[in-house]
């Protein structure tokens, strides 16, 4: 986990989703939207908004079939 995530001014939901994604990824799980939804404790709309925020800021990228990948922090948009 890159500590820079806490200095980016992201929403609580987006930061929480990043932490969830790192935890699941470290456990060897594929970061598919369905997998994320099983562990997400807020609404589906909040999940979609958090995913969108992380994609816009370059923290994650969407691959095929709604599978997400965490990008290196050097590629993140801090603005």
How long is the gain from residue 49 to residue 73 if the chain were fully straight, where each residue apart is worth 0.36 nm and the alpha carbon distance is subtracted? 6.6 nm
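Can you give me the relative contact order of the chain as a percent, contacts being Cα pairs under 8 Å and 6 or more apart?
Normalised by residue count, the contact order of the chain is 31 percent.
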Could you tell me what a quarter of the Cα convex hull surface of the chain works out to, in nm² with one decimal place? 4.8 nm²
Would you mind calculating the gained length between residue 42 and residue 4 on full extension (0.36 nm times residue separation, minus the Cα-Cα distance), in nm to one decimal? 11.3 nm
Would you mind checking the tilt of helix 44-56 against the longest principal axis of the Cα atoms of the chain, expressed as 0 to 90 degrees and rounded to 10? 40 degrees
Label-point separation (nm) for residue 32 and residue 62, each offset 7 Å from Cα along Cα-to-Cβ? 1.6 nm
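Where a number appears in this text, it was derived from the coordinates with a stated rule and is not lab data. Every value quoted in this text rests on a predicted model; they were computed, and no experiment measured them. All Cβ positions, glycine included, derive from the backbone under ideal geometry; neighbour counts span all protein chains shown.
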